[in-house]
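Q: One structure coming up, written as structure tokens, with questions to follow.
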Amino acid sequence: MAPAQKHVQMCGEEIQSGLKISPITYDADKLNEAPQYENNNTVLRNSANDKVNSEADFDINKYEAIDFKAKIRWPDLTVQILLHLVSIYGLYLTISNQVKILTLLFALGTIYTSGFGITAGVHRLWSHRAYRARLPLRIILALLFTVTGQRDIYTWALDHRVHHKYAETVADPHDIRRGFWFAHVGWLVLTPHPAVEDRRIALKPTCADLLADPVVRLQKQFFIPLFALLNIAIPIWVPWYCWNETLINSFVISFVMRFTITLNIAFCVNSFAHLWGNKPYDRFVKSVENSLVSLAALGEGWHNYHHVFPWDYRTSELGKLNISTGFIDFFAKIGWAYDLKAATTDMISNRAKRCGDGTFGESEEPYPTSDVKCHSE
């Protein structure tokens, strides 16, 4: 079943799913011959090592009982502190009118353009398999995601699948129960809980579909030089070369400040969108609907919906502000995105009536169009 649904009790019942797990054996030497996936739950098993970690071997209650004290990862903390301090200096340069308007517009445009690499790319496509994309779109999304600098696609997607499968437990990498600051950035600068490390290893066999994609594999292999080129060198070079911005301003605004803002927008989904907002679809989970986060994160703030229907490519109902859904719809029209998965209106309304907090609207979305695969309960 979908990652967010397993082992979660909602409304007094165990969530059931019509989606199926399809084990596929692959040869590690023939990864370029990528198989076809039905959904996010396709399990690829390496023929050289066919063992997939058993869920029965993992007792979450034992990990919950551990008296764990995280340690500070000083290199990571130092990087975050420096990024934010330099960004404050960038804010000073901006409000004191020492930065060219084109530089600010370029940084802002880069933030939101690259954001599609997170939302439509590593999140909806690679983490959840909510739709399928042809090679040109996958390359574009991989490049845009690299511009954001948020690790490689494989590592990000693996962590996100762990987050959904074990949300609001000690195995959740950014467990919101540990507070706002931990969910926002603390999880990056503190040593992970043993349960998180255990589940990251355990879920690797079910994430072989990621490495079966040559785009993901190459982006992972060459992440460091790609990061240096796409996230640092080009953003600094463009303002300096094209409109004679100073190198200092270009470094501070177009690299550091832009990078820091991009990180914090993504962090807000882990923090704000799990704390402040309504819960029209499931009042028993922490994730909420947060319109401000959705505005900043290109539609990723409708998080109560997303945790209930993680395989829905829209991550929200139609009619709500979701720029990334429009982005995917555009590429679906030209044939670069296909097999879009979405929940039906009846499925949404029935779930809201059964589990929601009563804020579900009377007039909701129309049924998805014929190019969208609808799932029913």
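Bear in mind these aren't lab numbers, they're just calculated from the coordinates by the rules spelled out. Computed from a prediction, not measured in an experiment: that's the story for all the values here. Every residue, glycine among them, receives a Cβ derived from its backbone with ideal geometry; neighbour counts consider all protein chains shown.
Q: Please give the length that would be gained between I95 and V79 if that part of the chain were fully extended, namely 0.36 nm times their separation in residues minus their C-alpha to C-alpha distance (nm, one decimal).
A: Values: separation 16, 0.36 × 16 = 5.76 nm, distance 2.44 nm.
In short, 3.3 nm is gained.
Q: So if I place +1 on the C-beta of Lys and Arg and -1 on the C-beta of Asp and Glu, and nothing else carries charge, what would the dipole magnitude of the range 194-294 be about its Cα centre? I want it in debye, nearest 20.
A: Charge dipole, the range 194-294, about its Cα centre: 180 debye, nearest 20.
Q: Rounded, prolate or oblate: which fits the range 264-366, taking a ≥ b ≥ c as square roots of the Cα gyration tensor eigenvalues, rounded meaning a/c under 1.5, else prolate when a/b beats b/c?
A: Details: a/c = 2.07, a/b = 1.20, b/c = 1.72.
Note, shape of the range 264-366 comes out oblate.
Q: Please work out the Kirkwood hydrodynamic radius for the range 122-233, using every pair of different C-alpha atoms, and report it in angstroms with one decimal place.
A: This gives a value of 14.8 Å.
Q: Right, something else. Mind running the shape call on the range 166-325? Use the C-alpha gyration tensor, a ≥ b ≥ c as the square roots of the eigenvalues: rounded below 1.5 for a/c, prolate if a/b tops b/c, oblate otherwise.
A: Cα axes put the range 166-325 in the prolate bin.
Q: Continuing with the same structure: Quick one: Cα convex hull volume of the range 106-176, Å³ per residue?
A: Measuring per residue, one finds 89 Å³ for the Cα hull of the range 106-176.
Q: Residue by residue, what Karplus-based ³J(HN,Hα) values in Hz, rounded to whole numbers, does the range 172-178 have, using 6.51, -1.76 and 1.60 with θ = phi - 60° and x for Gly and Pro?
A: Once θ is set to phi - 60°, the couplings for the range 172-178 become 7, x, 10, 3, 5, 5, 8 Hz.
Q: Can you give the Rg to Rh ratio of the range 229-294, both from alpha-carbon atoms, with Rh computed by the Kirkwood formula?
A: Reported Rg/Rh, Kirkwood definition of Rh: 1.27.
Q: Related question: Decide, for the range 73-114, between rounded, prolate and oblate: order the square roots of the alpha carbon gyration tensor eigenvalues as a ≥ b ≥ c, take rounded if a/c falls under 1.5, and otherwise choose prolate if a/b is larger than b/c, else oblate.
A: oblate
Q: Another one. What list do you get for V122, V288 if you sort them by fewest beta carbons within 10 Å?
A: In increasing order of surrounding Cβ atoms, one gets V288, V122.
Q: Taking H placed 1.01 Å from N in the peptide plane, check which residues at least 5 places from D357 or on another chain put their amide H under 5 Å from its amide H.
A: K279, Y281, D282, R283
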